[in-house]
Each structure stands twice: as C-alpha cells, then as structure tokens.
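Quick notes on the structure that follows.
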Amino acid sequence: MTIIFYILLLFIIIAAIIAVETRYLLSAVICVGAIGFGASLMFLFLRAPDIAITQIVVEVLGLIILIRACLSRELTFISGDREFFAVVVSAVIIFAIFLAGIKVLDTLPDFGTAIFAEVPDTASQTYIGEGLEKTGAANIVASVILDFRAYDTLGEATVLFTSIIGATVILRKKSKKLLEDPE
Amino acid sequence: MPYALCFLLFMIGLYCAVVKKNMVKIVIGIMVMEYAVNLFLIMLGYRFGGVAPIIDKGQLEAGMEQFISSSVDPLPQALVLTAIVISLGSLALMISICIRTYEKYGTFDITQIRRLKG
C-alpha cells in the first residue's frame with residue numbers, strides 16, 4: 001500500500017522539477033496541473049475524499065487563471081537565472097536547510113501511525129467520537145468545518161472575498177486612467 | 001521517508017521562488033510550496049488501514065468503537081480544506097498583479113522592472 005504513496009510522490013516531484021526548469025511558461029503551467037492532479041490522487045489514497053474533490057475543482061480554476069496569465073503574451077520564455085554566484089549561494093543555503101529539516105523529521109513518529117490517537121483527549125478524538133451525536137452530520141469533516149469550527153470557515157470566506165476584491169481593483173482599467181489625467 | 005519526499009517538494013518550490021527571474025515562475029514556486037504543506041498535513045493524520053472520516057450505515061450497525069479506532073484524523077482535513085480554497089484566492093491576486101505589471105512594463109522579467117516608484 002505504501003508503494004502507491006512513493007510512486008505518486010515521485011511523480012509529483014518529477015513534475016515539479018520539470019515545472020521549475022522548463023523554458024516555456026505554458027509547459028510549466030501544464031506541469032503545475034500534473035502536480036495538482038497527482039496531489040488529488042494522493043489525497044484520495046490518504047482517505048481524504050473531501051479534499052480530493054476540492055483539490056480537483058481548485059486545480060481546474062487555478063489552471064484557467066494561470067493559462068490566462070501566459071497566453072497571448074510575448075516573451076513568455078525568458079530563460080536564465082540570476083547571476084551565477086547568487087544561484088550557487090541560494091542553492092547551498094536551501095540544501096543546508098533541507099539537511100537540517102531532515103533531522104527534525106526524525107523526531108516525528110513513523111508514517112502511518114495515528115499520532116492523535118496516542119495522546120489522550122485530543123480534539124480529533126472528540127470530533128470522531130461525538131461528532132455524529134452533537135451535530136448530526138455523518139461526514140465528520142463537514143461537521144468540523146460547519147459546526148465545531150464554523151468561525152474558521154467564516155474567516156476563510158472573508159479572506160477569499162478580500163482577495164477577489166483586491167484582484168478586481170488591480171485589474172480595473174478605470175483606475176489607471178484616473179491616475180494619468182486627474183481631471 | 002514520505003515526509004522527507006514532501007519536504008524535498010517544498011524545497012523545490014522555495015528554490016523556484018528564490019532563483020527564477022520570471023514572475024509567473026515565482027508564482028508557480030509558491031504554489032508548489034502550498035501543495036507540499038497541504039500534503040504534509042494530511043499525511044500526519046493518516047493511519048495504516050484507516051477509513052475516511054465518514055460514518056455509513058454499516059459502521060453504525062457494527063458499533064462506533066470500531067469507527068473510532070480506525071478513522072483517520074478529521075481535523076487536518078478540515079483545516080487543509082480551508083487552506084486550499086484560500087490558496088486559490090491568493091493565486092488570483094498574484095496573477096492579477098503579474099498581468100498588470102506586464103501591461104505596464106511589457107515583460108515578466110523582474111530584473112527589468114526597475115521603475116517601481118510610489
């Protein structure tokens with residue numbers, strides 16, 4: 001069973017490397033789509049069907065937005081990195097952070113052990129055990145986001161609304177005209 | 001070991017966001033980092049042989065004890081659901097900034113965008 005996770009993770013990592021290193025923006029965007037759908041399959045095998053469905057919907061919308069950004073633009077294949085010295089320094093620093101982070105991951109329990117079940121009285125155990133009686137929802141994830149932590153969902157809606165307002169304001173043509181000739 | 005691969009994915013995204021000159025490539029790097037963090041959080045709640053946190057009729061008849069001892073963690077799933085939707089909003093905002101910058105300067109290359117005055 002674990003072999004599926006390794007195959008999917010390797011697929012995602014290869015797609016990420018191609019997305020980072022390819023010269024053409026459209027290929028990079030399509031590779032981002034491959035990462036997203038691979039992640040969606042991975043969520044399905046990790047027993048999270050709600051997230052898999054949401055990931056597919058968000059992935060399609062995100063691909064449309066990204067393709068909108070790089071279609072009908074010239075100069076979409078700018079290649080080359082920053083100066084050689086800066087690239088080497090950043091790569092070395094990122095590799096050092098990676099090695100340090102691997103050490104931190106050793107302190108976690110092995111993959112596949114339920115961490116929340118070993119600590120007594122965690123919130124997750126309450127949700128699993130009493131979610132059905134308290135909220136009446138058979139889907140525990142739905143009972144968490146819509147009942148136990150409904151304020152989180154309210155905040156999510158606020159953040160989404162704010163970001164869409166920001167995008168609308170940035171893309172509006174009228175504001176630019178007002179800036180250039182104030183009368 | 002799957003945690004380490006997930007961390008490697010995060011580092012690929014960080015490298016892309018730090019080194020690349022193209023604005024859309026930077027946005028792609030940030031997206032890759034988001035995927036890595038979401039995957040890591042869901043992996044933390046997984047248990048071998050677990051079932052999805054959805055109670056069906058058979059589980060109700062078999063008793064809740066078996067469901068409690070075999071369900072995966074629902075809390076990271078609920079929070080990652082929020083994070084995925086918010087990542088879509090932030091992606092729309094970043095891409096609109098990229099499109100606007102392209103209209104003004106005619107390029108995505110961040111080393112050529114020098115007239116950033118208030």
Being more than 7 Å from every other protein chain (Cβ to nearest Cβ), polar (S, T, N, Q) and open to solvent by less than 30 Å² (accessible area, probe 1.4 Å): is that true of B:Thr101 here? yes
Could you go through the stretch B:22-37 and let me know if any residue there is surrounded by 20 or more Cβ atoms within 10 Å (Cβ to Cβ), closer than 19 Å to A:Phe45 by Cα and facing another protein chain (nearest Cβ under 7 Å). yes
Regarding the stretch B:70-78, can at least one residue be identified that is facing another protein chain (nearest Cβ under 7 Å) and part of a loop (DSSP other than H, G, I, E, B)? yes
Residues that are surrounded by 15 or more Cβ atoms within 10 Å (Cβ to Cβ) and modelled with pLDDT of 80 or more, drawn from the stretch A:106-129: A:Phe111, A:Thr122, A:Ser124, A:Gln125, A:Tyr127, A:Ile128, A:Gly129
Considering residues of the stretch A:46-97 that are assigned to a helix (DSSP H, G or I), of a type in the set (Gly, Ala, Ser) and modelled with pLDDT of 85 or more only, the residue most open to solvent (accessible area, probe 1.4 Å): A:Ala96
What tally of residues in the stretch A:98-115 results from selecting those that are part of a helix (DSSP H, G or I) and among the aromatic types (Phe, Trp, Tyr)? 1
What about B:Ile55, is it surrounded by fewer than 21 Cβ atoms within 10 Å (Cβ to Cβ), more than 30 Å from B:Lys21 (Cβ to Cβ) and touching a residue at least 12 places away in the same chain (Cβ under 8 Å)? yes
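Okay, residues lined up against (1) of a type in the set (Ser, Thr, Tyr); (2) free of Cβ contacts under 8 Å to residues at least 12 places away in the same chain; (3) open to solvent by less than 50 Å² (accessible area, probe 1.4 Å); (4) under 28 Å from B:Val37 (Cβ atoms):
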{"residue": "B:Glu65", "(1), (2), (3), (4)": "no, yes, no, no"}
{"residue": "B:Val72", "(1), (2), (3), (4)": "no, no, yes, yes"}
{"residue": "B:Leu81", "(1), (2), (3), (4)": "no, yes, yes, yes"}
{"residue": "B:Ile86", "(1), (2), (3), (4)": "no, yes, no, yes"}
{"residue": "B:Gly89", "(1), (2), (3), (4)": "no, yes, yes, yes"}
{"residue": "B:Asp109", "(1), (2), (3), (4)": "no, no, yes, no"}
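The values are calculated or read from the model by the stated rules, or taken from the named source; none is laboratory data. Not measured: the values here are computed from a predicted model. Reconstructed Cβ throughout: ideal geometry from the backbone, glycine too, with neighbour counts over all protein chains shown. Please note that ligands, DNA and RNA were not included when accessible areas were found on the heavy atoms of the full protein model with its side chains. Shrake-Rupley method; radii C 1.70, N 1.55, O 1.52, S 1.80 Å.
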